[in-house]
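J.: This structure is in structure tokens; I'll ask about it shortly.
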Amino acid sequence: MPVSPSIFEFVAHDDIPVRVVRSTKRRKTISSQWRDETLIIQVPAALDEKTERSFVDEMLKKFRQSRQRRNAGHTDTELGRRAHELDQHFFDGSASPTTVRWVTNQNKRWGSASYQQRSIRLSSKLQQMPSWVRDYVLVHELAHLVAPRSGHGPEFQKLLNRFPRRSEADLYLEAFHAGYNSHAKELGGPIDELDGFGEDAE
């Protein structure tokens, strides 16, 4: 039966930080949660070492499966496939992007497009947002490829209005931006100007 310490920490073989909390208040139940970039697993303190290890392994397995489901569709290949689907649906394939990918260094735009390279880049911050919000950003960038000389003018706006949840998506992104910067300000961190898309390169 495990004794002290009541908290045991280790890093799994696939770099998942784990904190096992042995609680004297628990009798049978096991729980886990992802908090502060760590998988926290709470177990009864009375468990023997073999049983505790089996429960921890099971919780790690479930966490990996859950993470895999969450990350499904977050590859460049899947993003490109979705962009082509939306291009066909809204623009009859006239945008025809050659590359569509996620980037982690795009901190002041949700997305950007290059008409000359026919490429689209989306901020990785969008990966945790609802799929229809990601779709909206993709449609925004696709519209730039369809009407590269319009900027954000009337022709571009008309194209973007084809997305049925445009107003709702704009409100969602504005709210996310406000909340993100408010949290960053509380922590004394830098403020990211994730409040729009900017002008895209031709």
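J.: For PHE8 and GLU168 in the same chain, what is the full-extension length gain: residue separation times 0.36 nm, less their Cα-Cα distance, in nm?
T.: 53.1 nm
J.: Can I ask one more? I want to make sure I understand the PRE zone here: with the label point 7 angstrom from the Cα of ALA175 toward its beta carbon, which residues in the range 114-150 have backbone N atoms less than 13 Å away?
T.: In the range 114-150, the label zone of ALA175 (backbone N under 13 Å from the point 7 Å along Cα→Cβ) covers 130, 133.
J.: So which lysines pass the test for LYS28, namely a Cα distance under 28 Å, with those fewer than 8 places away in the same chain ruled out?
T.: Cα-Cα hits under 28 Å: LYS50, LYS61, LYS62.
J.: Over the range 18-168, calculate the relative contact order: mean separation of alpha carbon pairs under 8 Å at least 6 apart, over the residue count, as a percent.
T.: So the answer I get is 15 percent.
J.: Name the lysines eligible as straight-distance cross-link partners of LYS108: C-alpha to C-alpha under 20 Å, and not fewer than 8 places from it in the same chain.
T.: Filter leaves LYS125, LYS185.
Laboratory data are not the source of any read-out in this text; all were calculated from the coordinates shown. Predicted model, so just to flag it, every value in this text is computed and none were measured. Ideal geometry is used to build each Cβ from the backbone, glycine not excepted, and the neighbour counts take in all protein chains shown.
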